[in-house]
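To keep things clear, I will list the structure first and then write my remarks on it.
The values are calculated or read from the model by the stated rules, or taken from the named source; none is laboratory data. Note that this is a predicted model, so its numbers are computed, not measured. Using ideal geometry, Cβ is built from the backbone for each residue, glycine included, and neighbour counts are taken over all protein chains shown.
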Amino acid sequence: MECSSTSPAFFNLLWLYAILGFLLCNWVHGFEYLNATADHNLMPYAFSRPPPLMVGFTFIHGAAAKGAVCLDGTLPGYHIHRGYGSGANNWVVMLEGGGWCNTIRVCAYSKKTRHGSSTYMEKQIPFTGILSNKAAENPDFFNWNRVKIRYCDGASFSGDSQIEAAQLYFRGKRIWSAAMEDLKSKGMRYAKQALLAGCSAGGLATILHCDEFRELFPMTTRVKCLSDAGLFLDVIDISGRRTSRNMFGSLKVWNLPQRCTKRLNPILHSITSVKTPLFLLNTAYDSWQIQASLAPPSADPHGRWHECRNNFARCSASQIRFLQGGFIGSFTFTFTFVISNSYNLFVFSLSLSSEAGFRNQMLYAVRGLSKHKKNGIFINSCFAHCQSERQDTWFDQNSPRVRNKRIAEYVGDWYFDRANVKAIDCPYPCDNTCHNLVFRGEFRLDNLTVN
């Protein structure tokens with residue numbers, strides 16, 4: 001399935017993702033947005049199920065008065081489908097992902113897309129996975145009030161600044177506050193149970209806002225948080241540099257919260273300091289991080305990782321060892337780093353050898369969270385990114401499994417305290433239930449744009 005802008009397959013893929021509502025985020029000037037997906041397993045699934053529920057767009061009431069606007073100054077919004085029956089007073093609030101814009105140039109592009117302007121957002125989107133209204137697809141949350149807050153601030157609902165000369169508004173914190181006030185006025189203040197969730201950049205926002213979300217409700221309300229693909233590692237890439245650190249180190253004008261700018265390892269601190277029960281859903285071989293942080297084209301001038309980067313099945317034995325825990329040739333050294341850039345957000349302070357491998361560093365990063373019974377962990381050995389909103393990965397007959405249980409089952413068990421959930425998959429290639437992502441060609445803005 002070639003993804004050139006003129007091929008028939010491109011238009012098929014465009015139509016498919018418009019129906020499913022999953023975000024194909026673009027690689028802008030060497031940096032890919034956080035939700036890029038191109039899945040060979042998705043096409044047969046799309047034609048085997050009835051059409052998903054389509055939910056309309058609602059502007060956030062009172063946003064303008066609060067200065068809560070998207071990158072381009074347009075009003076933000078969300079999609080909401082009301083609960084009923086036993087779920088009438090329960091809420092799932094999903095924070096959309098869509099990447100960080102780290103430079104004025106990238107942000108200027110973003111404000112002309114649905115990630116920076118409500119002008120370009122879909123008027124209706126499908127509710128699937130954890131947002132589905134069907135018990136057969138979403139057994140624990142199908143009849144809850146389900147909300148998806150659209151992402152248009154470029155910084156995980158956390159900035160509060162603007163650049164007049166470029167007409168850019170970084171108002172994520174205000175959008176978050178305005179959205180919560182609006183939803184409370186629509187009944188969320190009376191919730192008996194609530195779940196804050198998010199994917200990718202939205203998954204990171206879930207971690208950052210988790211305790212704030214808890215404070216919106218009385219202590220009698222069960223409140224928990226689910227971060228899907230929101231755990232980003234500051235890894236050494238295949239060239240020995242830190243692509244992700246360089247990217248996020250340029251975030252100097254977004255006026256991020258002090259908890260993000262005053263810590264040497266803010267995201268690790270944020271995870272371990274979250275008081276509200278938190279569930280981390282990640283893959284051990286996150287496809288976005290492999291493409292954008294671990295083996296980006298900028299770190300691979302000779303193209304040795306091109307095939308592996310786009311299709312895990314074409315990785316060599318040495319490349320798999322590097323992803324697992326090993327080395328490539330002479331690329332073996334011990335490193336210790338302390339983050340000195342106060343504006344870095346997606347970072348970890350680790351003391352590891354490169355032989356630890358990407359998967360092992362992921363497991364190392366969650367070790368503190370896993371010690372607490374209140375928290376949940378699901379890390380499967382798949383090459384994917386975001387699994388809670390996709391029906392085929394959330395809860396389907398052939399969904400990914402760890403110890404013969406699907407993601408939706410683990411999340412439900414954790415949320416309702418039915419079980420202590422610490423599900424960590426065996427290393428690749430032992431898991432044959434994965435829905436792995438396969439990319440065709442370099443995933444760049446100049447050869448694929450999906451609106």
Q: For residue 293, work out the one condition from (1) closer than 20 Å to residue 380 by Cβ; (2) of a type outside the set (D, E, K, R); (3) modelled with pLDDT of 95 or more it doesn't fulfil.
A: (3)
Q: Give the residue, chosen from 68, 136, that is under 23 Å from residue 197 (Cα atoms) and out of contact with any helix residue (DSSP H, G or I) (no Cβ under 9 Å at 6 or more places or on another chain).
A: 136
Q: With the checklist (1) closer than 27 Å to residue 271 by Cβ; (2) more than 21 Å from the chain's Cα centre (by Cα) in hand, flag the one item residue 146 doesn't pass.
A: (2)
Q.
Which condition from (1) within 17 Å of residue 92 (Cα to Cα); (2) of a type in the set (A, V, I, L, M); (3) at pLDDT below 95 is the one that residue 194 breaks?
A. (3)
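Considering only residues that are part of a strand (DSSP E or B) and either farther than 17 Å from residue 205 by Cα or aromatic (Phe, Trp, Tyr) (or both), which ones fall in the stretch 130-160? Working first, answer last.
Narrowing the stretch 130-160 to residues part of a strand (DSSP E or B): 145-149.
Residues satisfying the conditions are 145, 146.
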Q) If a residue has to be within 20 Å of residue 152 (Cβ to Cβ) and surrounded by fewer than 24 Cβ atoms within 10 Å (Cβ to Cβ) to count, how many in the stretch 84-104 make the cut? A) 3
Q | In the stretch 386-414, the residues that are assigned to a loop (DSSP other than H, G, I, E, B), buried (at least 24 other Cβ atoms within 10 Å of the Cβ) and out of contact with any strand residue (DSSP E or B) (no Cβ under 7 Å at 6 or more places or on another chain) | A | 390
(Q) Being at pLDDT 65 or above, assigned to a helix (DSSP H, G or I) and of a type in the set (A, V, I, L, M): is that true of residue 323 here? (A) yes
Q: Just need a number here: residues in the stretch 71-98 that are in contact with a strand residue (DSSP E or B) (Cβ under 8 Å, 6 or more places away or on another chain), among the hydroxyl-bearing types (Ser, Thr, Tyr) and farther than 24 Å from residue 208 by Cα.
A: 0
Q.
Name the single residue that is surrounded by the fewest Cβ atoms within 10 Å (Cβ to Cβ) among those in the stretch 120-165 being closer than 15 Å to residue 69 by Cβ and at pLDDT 95 or above.
A. 120
Q: Please verify whether the stretch 159-174 includes one or more residues that are among the β-branched types (Val, Ile, Thr) and under 21 Å from the mean Cα position of the chain (by Cα).
A: no
Q: Run down 168, 204, 208 and say which single residue is buried (at least 19 other Cβ atoms within 10 Å of the Cβ), within 14 Å of residue 278 (Cβ to Cβ) and either at pLDDT 95 or above or out of contact with any Cys (no Cβ under 8 Å at 6 or more places or on another chain) (or both).
A: 204
Q. Do we find a residue being under 19 Å from the mean Cα position of the chain (by Cα), surrounded by fewer than 23 Cβ atoms within 10 Å (Cβ to Cβ), within 28 Å of residue 411 (Cα to Cα) and modelled with pLDDT under 75 anywhere in the stretch 237-256?
A. no
